[in-house]
Amino acid sequence: MSESASYVGRFAPSPTGPLHFGSLLAAVSSYLQAKCADGKWLLRIEDIDPPREQVGADIEIIDALHAFGFEWDDSASYQNNFNARHEAIVADLLSSGTAFECSCSRRDLADAERGPLGAIYPGTCRQGQSAQDFAIRVQTNNEPIEFVDELQGPQSQRLEAESGDFIIKRRDGLIAYHLAVVADDFDQGVTEIVRGIDLLDSTARHIHLQRILNFSTPNYAHIPVAANQDGQKLSKLTGATAINADYAIPTLLAALEALYQAPPKSLANGSLQNIWEWAAENWDIRRLQSVESIAAEPFDYGSGPPRSV
């Protein structure tokens, strides 16, 4: 793939456990968007939250992606390797007065007004504080942040009213997801972000940071998340089963079917290469525009029998 490709996509899993079916849907969607654009597809392991990570999960994720036939450009990167860059951005925001130290605890904010995004930070520490234990927040305003998501349509948020100033560096010294993902997507030249709709509400915060930092804003496409029989998002916390490379063909076909791509049944008798070739030629993310959530069928993707489609 050309180094000058104008489209750059990415898949950025957190190593909190092995890939499950919901993760596979995000990987397939972002991968095929890049393939259809004849662009680059990057793999970035988002290892910035050690307390939540599982030892060896990054290797499990990479091995699973290899086994399912994914091919990424460049070497897989690790977000933690960019920590010096993240810290420099935080320092710049502090020195410019755009960010500030905040000593408020969850208890302090327990009575704060709540909005669509949770507790609305009331600006308590904007004027400075002297505590030794603090987080770093970035200031927001009430200018509407508007964008058009490729699948979810027009979006608008007023951050100061709906979330307030948000954390970019935690009290424990770890860089917050919002800042790290914005910095890394910009530095890696990402032009479109395809991810789950559970992150849609975070996008305005990301765009706010992009504007403050004079970063370009990529296009966004938030796909419906996979849900279990109880309507819960598939995740480690809800008991999602790891995908199993021994059943890569039926599981990949199940993913394409769940993404409304209607793969032909004949592909079940072919190879992974056959499936990817068909998928790249027929991929249409717009088929997900009216889909609210993806119901994961009661199939044990980790250990069940091979599934014919």
Query - Shape of the range 3-113, Cα gyration tensor, a/c cut at 1.5 - result: prolate
Report summary line: Plugging the Cβ-Cβ distance of Arg126 and Ala37 into 1/(1 + (r/R0)^6) at R0 = 35 Å yields, to the nearest 0.05, a FRET efficiency of 0.25
Report summary line: Once Lys and Arg are counted +1 and Asp and Glu -1 for all other residues with Cβ under 14 Å from that of Arg10, the total becomes -4
Report summary line: The farthest towards the positive end of the charge dipole of the chain, of the residues Asn219, Ile136, Leu253, given +1 on Cβ of Lys and Arg and -1 on Cβ of Asp and Glu, is Ile136
**Report entry** Beta bridges per DSSP with both ends in the chain, % antiparallel, nearest 5
**Finding:** 55
Query raised in the report: Under the Cβ-under-4.7 Å rule, which cysteines of the chain stay unpaired?
Result: Cys36, Cys104
**Report entry** For the chain, the longest site-free run once GluC sites (Glu not before Pro) in DSSP loop states with at most 16 other Cβ atoms within 10 Å are removed
**Finding:** 114-291
Report task. Specify the angular offset, from 0 to 90 degrees and rounded to the nearest 10, of the alpha carbon long axis of helix 83-95 from the longest principal axis of the alpha carbons in the chain. Result -> 30
Report task. Run through all the Cα pairs of the chain and give the fraction in each 10 Å bin from 0, expressed as whole percent. Result -> 6, 25, 34, 23, 10, 3, 0
Query raised in the report: If we count every other residue with Cβ under 12 angstrom of Phe166's Cβ, Lys/Arg +1 and Asp/Glu -1, where does the sum land?
Result: 0
Query raised in the report: Roughly how tilted is helix 248-258, in degrees to the nearest 10 and between 0 and 90, from the longest Cα axis of the chain?
Result: 70
Query - Ratio of the Cα radius of gyration of the range 113-208 to 2.2 N^0.38 Å, where N counts its residues - result: 1.16
Query raised in the report: Which whole-angstrom value gives the distance between the alpha carbon centres of the range 1-51 and the range 159-219?
Result: 17
Report task. Please get the size of the charge dipole for the chain, origin at its Cα centre, with Cβ charges of +1 on Lys and Arg and -1 on Asp and Glu, quoted in debye to the nearest 20. Result -> 400
Query raised in the report: What does the charge add up to near Gln157, with Lys and Arg as +1, Asp and Glu as -1, over the other residues with Cβ less than 9 Å from its Cβ?
Result: -1
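Readers should treat all values here as calculations from the given coordinates under stated rules, not as data from a laboratory. Everything quoted here is computed from the prediction, not taken from an experiment. Here the Cβ is made from the backbone with ideal geometry for all residues, glycine too, and neighbour counts use every protein chain on show.
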